[in-house]
Amino acid sequence: MALIIVESPTKARTFNRILKGKDYYVFATMGHIRDLPGKEMAIGFENEFEPKYEIIDRKTKTVDQLIELASKHNEIILATDMDREGESISFHVAHILGFIRDKWPDFEIESGSRPLKRIVFHEITASALEEALAHPSELRIDLVKAQQARRILDRIVGYELSPLLWKKTGKNWLSAGRVQTVALRLIVEREKERRAFKLEKYYQIYGLFKSTEELKGKLISKDDKSFEISNTISLYAGDYTYTKTSITDENLTPIMKDLEGDSYSVSKTEEEIIKRYPPPPYTTSLLQQDAFYKCGFSSKMVMRLAQDLYEQGIITYHRTDSFNLSTQFVFRAKDYIIEKYGSDYALDKPRGYRTKSRLAQEAHEAIRPTKLVDESSLNTAKGKKITVNHKKLYKIIFERAVATQMKEAEIKVVKIYVKSSKNYLFETSSQQVLFDGFLKLTQKDFVTQNNRSIDIKEGAPITLTSLESKDQETSPPPRYNEASLIRIMEEKGIGRPSTYAPIISLIQDKGYVEKDYRYFTPTKLGEPISDYLSSSFPILFDLSFTSHMEEELDEIAEGKKQLTSVLHEVYDPFKKQLDIKANDGTMVTINEETTEKCPKCGKSLTIRFSKFGKFFACSGYPACKFTKSFLHVVPGKKCPKCQGDIVVKYSKNRKRFYGCSNYPKCDFSSWTIKDVKA
């Protein structure tokens, strides 16, 4: 009888359901069982960074069960996830069971009395498991080395830099990290760029015209000279282009008067049939970004929901950077499309996509459903715990994957130019969906809203019925939200898809950034921390260097680089700089004072930071020990009961809700801001 080892109980239950009646016993490790101890560095610098792993305290009972079960089975099969973390869990299981002989920085797999096998699969289905069990492989040591290199690097940087921050700030709960600090720096630098951006007022002019159709056009030029001005500025993470017009307070009135007394005709119409193709199937980062915009999910929530769906055999593996879809899926998708929408919507041959990432694992698959059923069918599966949020995420995965194998849409785009006798030019456009193609599945509303075309002839007279001027300001570079932060991190090669969610969670949990609605802003703690670390260690926290390190880790995983050489490349210059900074006598100044006065002693209140978040404290401490909670006031909203401020609060389960600032005198609360009347 064979012992199959997985990392989660949900995955174990799915395996047991598929393998029922067969000669296998499935055991779940409940995640990692062996790791670096938390109370010490546990890195042997004297022996080429050798890590000193220990069995995790709370996992001793699990390890005892594992060893006992292994002794009763004649074959060990490692079936953890296919990424580096999954390979690492399998490695540590094999080590505990005596299959690994350490020769740091190398390892040897020893064949004992029982065979040790490794199976890899992209989905947890009967056919995929049968295929994997029929063609087992060996433990992929290079992947293990890449995971250990990342773990060692992050341990060294974190455990060496954090005490430096404690010393420089007097706050012994702060932390720094190799990738988290770069993510923080992206947010901090963007906030500085926004502050430095010069806001300029300008106007847009729109005309409402009447002919056989009503048209609303935007004023774009006079005498063939465009009113629109485009400017590009260089930012920390790349160039930013913004637009404005040359219409200002000085020339608005003369232009409006000129337009009001003018005559107009349709000078030109342009018609073009364009083809709109479906986007590629989801990778991890694309799923995180799209789920943020379409479902309002955080990256952390997306990964948790996707993990559940994967472990229950509903979707393929969700940590991937590949656009590949299996041959079996694309042909099954074609049959589904023909049955559901008709043969006009199906492709003659499968459509493929090429990833732009040099480091993408092309042997992997994109995220897709394992069966071609929509979200309404998920509840019918016996024993599966599917929530509304699981269904929302599954819906976008299903639609995106199926849409890749549907015909492209055909859209007629009509541009109409209205010219005045004084050579002013207005532009308007319309879209008409001629053939909806994949849009029939993914964007039904778009098809409904764009089902007719403007029918107006070139040279036809047209009457201006009204003019509208809108005053606007130039837009500063936008703050990052979770989706745009993930996009820029992926674009710059910072971290890997599986690390985005924990990085984003960590910089929030540490109080370095906070959310202003959906957008990240650095706190008074986060900005000076970022400035100090980036100026003190300019190479370590540089975008290009961090990206280079990710490439080095990938090369270790591919067997092209030695683990220790990469560690030396980072640690040797870092240690020299660290020793200098530790003894230079500088301190990190965190401006915490506010204009609010202490109600007890009249001194200024300051913002303090603890591991539990921000709070107000009296600057007269320790003589005055007054404190109060820091409340994030929602602008433009008042309590419907007492007209007090509406503030953001959190339940014991860290779920956000909105309440009255006058609590406990007023008990108003709401889970959603839309229920709070302005």
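The values are calculated or read from the model by the stated rules, or taken from the named source; none is laboratory data. On a predicted model such as this, the values are computed, not experimentally measured, just so you know. For neighbour counting, all protein chains shown are included, and Cβ atoms are generated from backbone atoms with ideal geometry for every residue, glycine included. These accessible areas exclude ligands, DNA and RNA; they are computed on the full protein's heavy atoms, side chains included. Shrake-Rupley method; radii C 1.70, N 1.55, O 1.52, S 1.80 Å.
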Do you know the relative contact order of the chain, to the nearest whole percent, from alpha carbon pairs under 8 angstrom that are 6+ apart?
14 percent
Under the rule of at least 5 residues apart or a separate chain, name every residue whose amide H is placed under 5 Å from the amide H of GLU200.
THR474
Provide the packing ranking of 152-164, 222-234, i.e. peptides ordered by the mean count of other C-beta atoms within 10 Å per residue, highest first.
152-164, 222-234
When the Kirkwood hydrodynamic radius is evaluated over all pairs of different C-alpha atoms of segment 234-381, what value in angstrom, to one decimal, is obtained?
20.4 Å
Collect residues whose amide H, placed 1.01 Å from N in the peptide plane, falls under 5 Å from the amide H of LEU235; neighbours closer than 5 in sequence don't count.
TYR240
Diffing segment 303-315: the Karplus 3J(HN,Hα) column from phi (6.51, -1.76, 1.60, θ = phi - 60°), in whole Hz with x for Gly and Pro, holds 5, 5, 5, 5, 4, 4, 5, 5, 5, 8, x, 9, 10
Taking H placed 1.01 Å from N in the peptide plane, check which residues at least 5 places from LYS268 or on another chain put their amide H under 5 Å from its amide H.
TYR417, GLY459
Angle between the Cα long axis of helix 543-557 and the longest principal axis of the chain, 0 to 90 degrees, nearest 10?
40 degrees
Using the charge dipole of the chain (Lys, Arg: +1 at Cβ; Asp, Glu: -1 at Cβ; taken about the Cα centre), state which of SER565, THR253, VAL144 has its Cα farthest towards the positive end.
THR253
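Using a 1.4 Å probe, what is the accessible area per residue for segment 18-148, in Å²?
Using a 1.4 Å probe on heavy atoms only, each residue of segment 18-148 averages 49 Å².
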Each residue of segment 190-200 in turn: what ³J(HN,Hα) in whole Hz from Karplus with 6.51, -1.76, 1.60 and θ = phi - 60°, glycine and Pro shown as x?
5, 5, 5, 5, 5, 5, 7, 5, 8, 7, 10
How much accessible area per residue does segment 203-269 have, counting only protein heavy atoms and a probe of 1.4 Å, in square angstrom?
55 Å²
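Relative contact order, percent, of segment 89-174 when contacts are C-alpha pairs under 8 Å separated by at least 6 residues? Let's see the in-between values first.
Working: 52 pairs, mean separation 14.8, N = 86.
For segment 89-174, the relative contact order is 17 percent.
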Fraction of alpha-carbon pairs in segment 213-258 farther than 13 Å apart, rounded to whole percent, equals 71 percent
Given SER71, ILE18, LEU3, which one lies farthest toward the positive end of the charge dipole of segment 1-131, if we put +1 on the Cβ of every Lys and Arg and -1 on the Cβ of every Asp and Glu?
ILE18
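Heavy atoms only, probe 1.4 Å: what % of the accessible area of segment 181-231 goes to carbon and sulfur, would you let me know?
The C+S portion of the solvent-accessible surface of segment 181-231 is 44 percent.
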Against the longest alpha carbon principal axis of the chain, how many degrees, from 0 to 90 and to the nearest 10, is the axis of helix 249-260 turned?
60 degrees
For segment 517-529, what does the Karplus curve 6.51 cos²θ - 1.76 cosθ + 1.60, with θ = phi - 60°, yield as ³J(HN,Hα) per residue in whole Hz, taken in order and with x for Gly and Pro?
6, 9, 10, 7, 10, x, 7, 5, 8, x, 5, x, 5
Angstrom value of the Kirkwood radius, inverse mean 1/r, which spans all Cα pairs in segment 253-319:
16.7 Å
What net charge do the residues around GLU408 carry, taking every other residue with its C-beta under 11 Å from that of GLU408, with Lys and Arg at +1 and Asp and Glu at -1?
+2
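Determine the relative contact order of segment 477-618: mean sequence separation of Cα pairs under 8 Å and six or more apart, normalised by residue count, in whole percent.
Relative contact order of segment 477-618: 21 percent.
Mind ranking 88-96, 421-429 by how tightly packed they are, going by the mean number of other C-beta atoms within 10 angstrom, highest first?
Details: 88-96: 22.4, 421-429: 16.7.
Descending packing order for the listed peptides: 88-96, 421-429.
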Based on the alpha carbon coordinates of segment 52-127, what radius of gyration and maximum Cα-Cα distance (Dmax) apply, in Å?
13.3, 40
Expected-Rg normalisation [2.2 N^0.38 Å, Cα atoms] applied to segment 107-251
2.07
What is the dipole size for segment 572-678, taken about its Cα centre, with +1 at each Lys and Arg Cβ and -1 at each Asp and Glu Cβ, in debye to the nearest 20?
560 debye
Eligible aspartates and glutamates near LYS39 by straight Cα distance, threshold 20 Å, same-chain separation 8 or greater:
GLU50, GLU54, ASP57, ASP154, GLU160
If I model a spin label as a point 7 Å beyond the Cα along the Cα-Cβ vector, how far apart are those points for LYS39 and LYS340 in nm?
5.6 nm
Cβ-derived FRET efficiency at R0 41 Å, PHE668 paired with PHE446, nearest 0.05
0.60
Could you work out [θ]222 nm for the chain from helices alone, using -39500 (n - 2.57) per DSSP H run of at least four and dividing by all its residues? Round to the nearest 500 deg cm²/dmol.
-11000 deg cm²/dmol
Output the 0 to 90 degree angle, nearest 10, between the alpha-carbon long axis of helix 497-509 and the longest principal axis computed from the alpha carbons of the chain.
80 degrees
From largest to smallest, what semi-axes in whole angstrom does the chain give when each is the square root of 5 times an eigenvalue of its alpha carbon gyration tensor?
49, 38, 25
Accessible surface of segment 289-359, 1.4 Å probe, proportion on carbon and sulfur as whole %
48 percent
Within segment 412-500, how many Lys pairs that are eight or more residues apart, or on different chains, come under 26 Å at the alpha-carbon?
11
Compute the accessible area per residue over segment 396-453, keeping the other protein chains in place, probe 1.4 Å, unit Å².
39 Å²
Which peptide among 309-321, 365-377 comes first, and what is the full order, when sorted by highest mean count of other Cβ atoms within 10 Å?
309-321, 365-377
For the chain, give the magnitude of the charge dipole about the Cα centre (Cβ charges: +1 Lys/Arg, -1 Asp/Glu; no others), in debye to the nearest 20.
2700 debye
Stokes-Einstein, Kirkwood over Cα pairs, segment 470-541, 25 °C, 0.890 mPa s; D in µm²/s equals 177 µm²/s
Listed residue (TYR424, THR387, ALA366) projecting farthest to the positive dipole end of the chain, Cβ model
THR387
The local net charge around ALA2, scoring Lys/Arg +1 and Asp/Glu -1 for residues other than ALA2 whose Cβ lies under 12 Å from its Cβ, equals +2
Given unit charges at Cβ for Lys, Arg (+) and Asp, Glu (-), the dipole magnitude of segment 256-380 about its Cα centre in debye, nearest 20, is 600 debye
